[in-house]
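Here's the structure, in structure tokens; my notes come after.
The values are calculated or read from the model by the stated rules, or taken from the named source; none is laboratory data. The structure presented is a predicted model; accordingly, all values stated were derived computationally and were not measured. Heads up, the Cβs are rebuilt from the backbone with ideal geometry, glycines too, and the neighbour counts pull from every protein chain shown. These accessible areas exclude ligands, DNA and RNA; they are computed on the full protein's heavy atoms, side chains included. Shrake-Rupley method; radii C 1.70, N 1.55, O 1.52, S 1.80 Å.
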Amino acid sequence: MTITITAFERSPDGGQGMARDMRVRWALEEVGQPYGVRLLSFKAMKEPAHLALHPFGQIPTYQEGDLALFESGAIVFHIAERHAGLLPDDANARARAITWMFAALNTVEPPIVDREVAEYLEDETWYEQRLPFIDERIRKRLGELSGRLGNADWLDGAFSAGDLLMVTVLRRLEGSGILEEYPNLTAYVARGKARPAYKRAFVAQLAVFTAAPPA
């Protein structure tokens, strides 16, 4: 059965791999599964046909036969469970990898997204007042993560879906100057981006943006 995911017709990030379909593309590339992409405008994302797949009107979604999923983390977890390459065979190591998946999305990502929302959507004065507090929260999480990673290549032995999600979360800080304060995390993200599967996913997402007509 053909896998079909949804993605932005015109990505707000200019096709730089920040949109969350990148996580799903990367996971599918890691496990060697072909997939199709259905592109959506912002208007189409709020129409009944898409809301039937994603009740919150966002991307990505995942369809395979009569299975329809939403939420990037849940989709990556499904891919990792169905196909070898993203979760260890050992039961304990597998459980730890899944724990890191949750940690990436539930512990590390929220303050980073909060920073993005404050920067782009909130009143400038309010943003300037809030930014130091948000950055303090982010640095606390990054310090804890940096300490745990240490000099290791990946979070728990071999590369896993936990690393895939964590790298995509940390990438959201690129350009802020905060990530660069933690050399081992900067190197960790670079290792993720150097993986052939990541590069294929990035090129595919960028091609959508560069091929799309101006808004």
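Legend: residues ASP89, ASP163, ASP153, ASP13, sorted from most to least accessible area (1.4 Å probe; ligands, DNA and RNA excluded), read ASP89, ASP153, ASP13, ASP163.
Separation of the stretch 161-215 and the stretch 55-121 by C-alpha centroid, Å? So the separation of the two Cα centres works out to 15 Å. Between ALA95 and GLU181, the FRET efficiency estimated from the beta carbon spacing at R0 = 30 angstrom works out to 0.45.
Averaging the Cα positions of each part gives two centres, and for the stretch 1-51 and the stretch 130-160 these lie 27 Å apart.
Of the options MET1, VAL203, GLN63, report the single residue whose Cα projects farthest towards the positive end of the charge dipole of the chain (beta-carbon charges: Lys, Arg +1; Asp, Glu -1). Of the candidates, MET1 comes out farthest on the positive side. An ellipsoid equivalent to the stretch 99-211, defined through the eigenvalues of its Cα gyration tensor, has semi-axes of 25, 20, 12 Å when rounded to whole angstrom and sorted largest first.
So what is the 222 nm mean residue ellipticity for the chain from helices alone, if each DSSP H run of at least 4 adds -39500 (n - 2.57) and you divide by all residues, rounding to the nearest 500 deg cm²/dmol?
Working: 10 runs with 121 residues, N = 215.
Mean residue ellipticity at 222 nm (helix-derived): -17500 deg cm²/dmol.
Divided by 2.2 N^0.38 Å, where N counts the residues, the Cα radius of gyration of the stretch 1-109 comes to 1.10.
Projecting the Cα atoms of ILE134, PRO12, GLY192 onto the charge dipole of the chain, computed from C-beta unit charges around the Cα centre, puts GLY192 farthest toward the positive end. Checking every one of the chymotrypsin sites (Phe, Trp or Tyr not before Pro) in the stretch 1-100 against DSSP loop status and a limit of 13 other Cβ atoms within 10 Å picks out PHE56. Only one item in [x] 15.2; [y] 14.6; [z] 12.6 matches mean projected area of the Cα convex hull in nm² derived from the coordinates shown, and that item is [z]. If you model the stretch 56-115 as an ellipsoid using its alpha carbon gyration tensor, with each semi-axis the square root of five times an eigenvalue, the axes come out at 21, 20, 6 Å, biggest first.
Rounded to the nearest 20 debye, the dipole size of the stretch 1-141 about its Cα centre is 220 debye, using +1 on the Cβ of Lys and Arg and -1 on the Cβ of Asp and Glu. Once the 1.4 Å probe is applied to the protein heavy atoms, the stretch 1-54 comes out at 46 Å² accessible per residue. Cross-link partners for LYS140 among the lysines, with Cα-Cα distance under 27 Å and sequence neighbours closer than 8 places in the same chain left out: LYS193.
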